[in-house]
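Peer 1: There's a structure below that I have some questions on.
Read-outs: derived from the displayed coordinates by stated rules, not from any lab. As the structure is a prediction and not an experimental result, all values here were calculated from the model. Backbone-built Cβ (ideal geometry, glycine too); neighbour counts: all protein chains shown.
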Amino acid sequence: MKIPMSSPDLTAAEIAAVNEVLHSNYLSIGPKIVQFEEAIAAYCGVRHAIGVNSGTSGLHLAVIAAEIGEGDEVITPSFSFIASANAVVYERARPVFVDINPQTGNLDPQLIEAAITPRTRAIMPVHAFGQPADMDPIMEIARRHKLYIIEDACEAIGAEYKGQRAGTFGDAAVFAFYPNKQMTTGEGGMIITNNEDLPRFSAVCAIRGAMSLMRG
Ligand SMILES: *Cc1c(COP(=O)(O)O)cnc(C)c1O
């Protein structure tokens, strides 16, 4: 018997929903994206959900929103999909890899502080395969060193750590909807945040605002 690591779970309801969109005038940036953003924000109990075309784009925008750039360092686990590190490299910042705890597949909090330098700006924990990272010590280290937390929650929508949803701990988090995730839109992603004080958060919102204007 072959058990797939992941496979899309699509029923007649999803096919009918896609058909409904195909019969509308909105094949992109239509009302469904707003409904989806509102549903995700409500589900996670956060103020903002911003739909994007992929998890990678979401992570990239979160790095931009935190104004992370050339010369900055972001701590992220050595075991992840390449998008976590790429989002940092796209802004000419440097991913600094920290090893995982082999029991969980997630960032080992005990190894984080040794990797912090004066150039460290953020920690990007990854919630691997739906298993949340050990957020209590990660948050404590981030607070003490005044670092942003960008959660790569691309594989973890619906997961909980001590009763709290993965993605709601840090300054921003990203879910992804590629077919190997818990929930798929074919391709897609969603940034969630409660932190309007991220330096370039308004720029990210302006991008979404411009898209809403186009939608009319
Ligand atoms: C899927 C995934 C992403 C984003 O992938 P996209 O294909 O760009 O949606 C980012 N990080 C991790 C850990 C992932 O599994």
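Peer 1: Calculate the all-directions average of the projected area of region 1-120's alpha-carbon convex hull, and give it in nm².
Peer 2: Numbers: hull surface 45.5 nm².
The directionally averaged projection comes out at 11.4 nm².
Peer 1: So, one more: Give me Rg over Rh for region 1-62, both radii from the alpha carbons and Rh done the Kirkwood way, two decimal places. Mind dumping the intermediate values first?
Peer 2: Working: Rg = 14.9 Å, Rh = 14.2 Å.
Result for region 1-62 is an Rg/Rh of 1.05.
Peer 1: Rounded, prolate or oblate: which fits region 111-216, taking a ≥ b ≥ c as square roots of the Cα gyration tensor eigenvalues, rounded meaning a/c under 1.5, else prolate when a/b beats b/c? Don't skip to the end; give the middle numbers.
Peer 2: Working: a/c = 2.30, a/b = 1.28, b/c = 1.79.
It is oblate, given that a/c is not under 1.5 and a/b is not larger than b/c.
Peer 1: Tilt of helix 12-22 relative to the longest C-alpha principal axis of the chain, in degrees (0 to 90, nearest 10)?
Peer 2: The angle comes out near 80 degrees.
Peer 1: For the chain, modelled as a GNM with alpha-carbon contacts under 10 angstrom, which of GLY51, GLY163, GLY71 fluctuates the most?
Peer 2: Evaluated over the chain, the most mobile residue of the options is GLY163.
Peer 1: Note down the net charge around VAL126, summing +1 for each Lys or Arg and -1 for each Asp or Glu among other residues with Cβ under 11 Å from its Cβ. It would help to have the intermediate numbers written out before the result.
Peer 2: On the way: positive: none; negative: GLU151, ASP152, GLU155.
Here the charged neighbours net out to -3.
Peer 1: Then there is this: Bin width 10 Å, alpha-carbon pairs only: give the P(r) of the chain as whole percents, running from 0 to the bin holding the largest distance.
Peer 2: 8, 34, 35, 17, 5, 0
Peer 1: Helix 31-44 against the longest principal axis of the chain: what's the angle in degrees, Cα atoms only, rounded to the nearest 10?
Peer 2: With both axes taken from Cα atoms, the answer is about 40 degrees.
Peer 1: What's the longest uninterrupted piece of the chain once you rule out the GluC sites (Glu not before Pro) that are loop residues per DSSP with at most 11 other Cβ within 10 Å?
Peer 2: Numbers: sites that count: GLU70, GLU196.
Segment 71-195 is the longest.
Peer 1: How large is the dipole of region 1-102 about the Cα centre if only Lys and Arg carry +1 and Asp and Glu carry -1, each at its Cβ, rounded to the nearest 20 debye?
Peer 2: Numbers: 5 positive and 11 negative charges, 39 e Å.
Using Cβ point charges on Lys, Arg, Asp and Glu, region 1-102 gives about 180 debye.
Peer 1: Work through the residues other than ARG92 whose Cβ is under 14 Å from its Cβ and net out their charges, Lys, Arg +1 and Asp, Glu -1.
Peer 2: Numbers: positive: ARG94, ARG119, ARG121; negative: GLU67, GLU70, ASP72, GLU73, GLU91.
Spelling it out: positives minus negatives among the neighbours equals -2.
Peer 1: Something else now. With axes computed from alpha carbons, what is the tilt in degrees of helix 135-144 against the longest principal axis of the chain, rounded to the nearest 10 within 0 to 90?
Peer 2: 60 degrees
Peer 1: Label SER6 and THR117 with points 7 Å out from Cα along Cα→Cβ: what is the distance between them in nm?
Peer 2: 3.2 nm
Peer 1: Using +1 at the Cβ of each Lys and Arg and -1 at the Cβ of each Asp and Glu in the chain, identify which of ALA156, VAL21, ILE192 lies farthest towards the dipole's positive end.
Peer 2: Projecting each Cα onto the dipole axis, the largest value belongs to VAL21.
Peer 1: Among LEU147, LEU107, LEU22, which one shows the biggest mean-square fluctuation in a GNM of the chain, springs joining Cα atoms closer than 10 Å?
Peer 2: For the chain, modelled as a Gaussian network with Cα springs under 10 Å, the answer is LEU22.
Peer 1: Here is a follow-up. Provide the net charge surrounding CYS154, with neighbours chosen by a C-beta distance below 13 Å and charges set as Lys +1, Arg +1, Asp -1, Glu -1. Intermediate results must be reported in sequence, preceding the final value.
Peer 2: Values: positive: LYS181; negative: GLU151, ASP152, GLU155, GLU187.
Surrounding charge for CYS154 is -3.
Peer 1: Can I ask one more? Nearest 5 is fine: what % of DSSP beta bridges in the chain come out antiparallel, could you say? Let's see the in-between values first.
Peer 2: Working: 13 of 27 bridges.
In the chain, approximately 50 percent of DSSP beta bridges are antiparallel ones.
Peer 1: Here is a further query. Could you pull out the trypsin sites (Lys or Arg not before Pro) across region 97-167 that fall in loop regions by DSSP (anything but H, G, I, E, B) with no more than 16 other Cβ atoms inside 10 Å? Numbers along the way, then the final one.
Peer 2: On the way: sites: ARG119, ARG121, ARG143, ARG144, LYS146, LYS162, ARG165; in loops: ARG119, LYS146, LYS162.
Sparse-neighbourhood loop trypsin sites (Lys or Arg not before Pro): ARG119, LYS146, LYS162.
Peer 1: Still on this structure: So how strong a dipole does the chain carry about its Cα centre when Lys and Arg Cβ are +1 and Asp and Glu Cβ are -1, to the nearest 20 debye?
Peer 2: Details: 16 positive and 24 negative charges, 58 e Å.
For the chain, the charge dipole is close to 280 debye.
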